[in-house]
1. Taking residue 312, is it within 30 Å of residue 264 (Cα to Cα), assigned to a helix (DSSP H, G or I), more than 42 Å from the chain's Cα centre (by Cα) and not assigned by TED's automatic domain parsing to the domain that holds residue 376?
2. Just checking, how many residues over the range 356-389 are of a type in the set (A, V, I, L, M, F, W, C), within 12 Å of residue 326 (Cβ to Cβ) and either at pLDDT 95 or above or assigned to a helix (DSSP H, G or I) (or both)?
3. If the Cβ limit is 6 Å and pairs must be 6+ apart or interchain, which residue in the range 19-32 that is assigned to a helix (DSSP H, G or I) pairs with which residue that is small (Gly, Ala, Ser)?
4. Under the condition of being in contact with an Asp or Glu (Cβ under 9 Å, 6 or more places away or on another chain) and assigned to a helix (DSSP H, G or I), which residue from the range 272-286 is surrounded by the fewest Cβ atoms within 10 Å (Cβ to Cβ)?
5. Does residue 34 satisfy the criteria of being surrounded by 14 or more Cβ atoms within 10 Å (Cβ to Cβ), under 30 Å from residue 121 (Cβ atoms) and at pLDDT 90 or above?
6. Does residue 103 qualify as being under 30 Å from residue 132 (Cβ atoms) and assigned to a helix (DSSP H, G or I)?
7. Within the range 199-225, how many residues turn out to be hydroxyl-bearing (Ser, Thr, Tyr) and free of Cβ contacts under 8 Å to residues at least 12 places away in the same chain?
8. Pick from 198, 164, 187, 181: which is of a type in the set (Lys, Arg), exposed (fewer than 14 other Cβ atoms within 10 Å of the Cβ) and in the same structural domain as residue 134 (by TED's automatic domain parsing)?
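The values are calculated or read from the model by the stated rules, or taken from the named source; none is laboratory data. Keep in mind the model is a prediction, meaning the values are calculated, not measured. All Cβ positions, even for glycine, are placed from backbone atoms using ideal geometry, and neighbour counts span all protein chains on display.
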Amino acid sequence: MAGRRRGWFRSSGNSEWIQQARSQLADAFLDMDRRQSAADAAVLASDEVFPERGFGAVWEPVRSRCYDAAGAYLALADELEAAERDNTPLPQGQERTATVTRRLTDAARAVDEFYRGHQAQLEQAVGVHQAVPQLARQVKVAAAGVRAQAANSEYADYPSVRGRASAVDEALITLEAAGARGAGAVRKAANRLEAATRELSDALAQAPSRNAAATTAISSVNTRLAAVRNRSAGLAPAYSALLREFNAASSADLANNERESQRAIDAAADALDRARAASAENNPESALELTTSARGNLAEAEQQVDAVTKRLALLREVRANPRDRAEAVRFRLRDAQMLAVSRELVGEWGSVLDAQVDRIDRISETLSGRHPDYWAYVTELDAVTEFIAGVVDRMRKHLGPRRE
C-alpha cells in the first residue's frame with residue numbers, strides 16, 4: 001500500500017514537460033490575444049467613424065491568422081491537459097508545441113506590423129470614437145439652448161427662423177435614433193445637428209436687420225422699375241424702324257418682344273406691391289423674396305427691350321460699313337492659318353481653313369438688292385467666326401512643334 005501511495009503522488013517526467021509546454025503556449029497565446037484585442041478595437045472604431053478608410057478589409061487577413069493560431073493553440077492545449085491528466089504520452093508533443101508557439105508569435109508580430117503601419121490613423125479613430133458620446137451631449141445641450149431662444153424670439157415667425165428651427169428639431173430626432181446604429185451614425189447625426197443649430201443661430205442674428213434690408217430692397221426695385229419702364233418706351237419705335245429699314249427676316253424673331261417685356265414689367269410691379277404689403281405687415285423676409293422675384297422680372301424685361309434696340313443699332317452699323325465685319329472675320333482666319341503653319345498642322349487643317357475663304361466670299365455676295373438681309377449676313381459671319389475659334393482651340397491643344 002505504501003508503494004502505491006508513493007506512485008500516486010509522484011510527479012512524472014511527462015507531467016513536467018507538459019506543464020512547461022502549457023505555460024509557454026499560454027504566455028504566447030495571451031500575448032497575441034492582447035495585441036489582437038487592441039487592434040480589433042481600433043479597427044472597429046475606425047470602421048465606425050471613418051468607414052471610407054476601409055481598415056476592416058486590410059485587417060481581416062491578419063485577424064484570420066490570429067484566429068487560426070488560437071484554434072491550433074486550443075486544440076493542442078486540450079491534448080496536453082488530457083496527457084497530463086491521464087499520464088499518457090503525446091506523440092511529437094514538444095515539436096508540436098514549438099510549432100504552435102511559433103504560429104502564435106508570428107501572428108502577434110503580424111498584428112504589430114499592421115498596427116504600426118496605420119498607428120496614427122487608428123489612434124485618431126479611437127480618440128474620435130471615445131469622444132462621440134461627449135460630442136453628442138454637448139451638441140444636444142447647445143441645440144436645446146438655441147432652440148429655446150428661437151421659440152421665445154420676436155422673430156420666431158420669420159420664415160428663415162421657422163424653417164431652421166424645424167431643421168434643428170428633425171436633427172435632434174435623428175440623433176436620438178442614431179444610438180442604435182453605432183458611434184459612426186451618432187457622430188454623423190451630431191455633426192448634422194451642430195450644423196443645423198449654427199444655421200438657426202445665424203438666422204436669429206440676422207433677423208433684426210431684415211426690416212432695414214427689405215426697406216432698402218423695395219426702394220431699389222422701385223427705382224429700377226421706373227428705369228425699365230422708361231427704357232421700354234423706346235422698344236416700339238426701334239422695332240418700327242427695323243421693319244421700315246431692313247428686311248423683314250431681320251426682326252421676325254423679335255415680333256413678341258414688346259408684349260413680353262410689358263408682361264415682365266407688370267409682373268415686377270405686382271411683386272413690388274406685394275413686397276410693400278409684406279413689409280407693412282412686419283414680414284420683411286417675404287418682402288425680400290418678392291423683391292428678388294421682381295428683379296428677375298425686370299431683368300427679363302430689359303433683355304426683351306435690349307434685344308430690339310441693340311439689333312437696330314447693330315444692323316445700322318453693318319449697313320454703313322458691311323465690309324468691316326467680313327474683314328474682321330478674314331483677319332481671324334489669317335491668324336488661324338498662321339497658327340496651322342507654326343504648329344505644322346497644315347496637312348490636317350489647311351484645307352479646312354482655306355474653305356472658309358470661299359465661305360466668307362459667298363456670304364459677302366448675299367448683300368444685294370434693295371433690302372439685303374443684313375441679319376443673315378451677321379449671323380452667318382458669326383458662325384464662321386465660331387467655327388474658326390473651334391479649329392484654333394483644337395490646334396492649340398495639339399501637342400507638336402510650336403514656333404510662334
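1. yes
2. Number of matching residues: 6.
3. Hits for this filter: 31/108; 32/107; 32/108.
4. Looking at residues that are in contact with an Asp or Glu (Cβ under 9 Å, 6 or more places away or on another chain) and assigned to a helix (DSSP H, G or I), I get 278.
5. So residue 34 does not fit the description; no.
6. no
7. 4
8. None of the others qualify; the one that does is 181.
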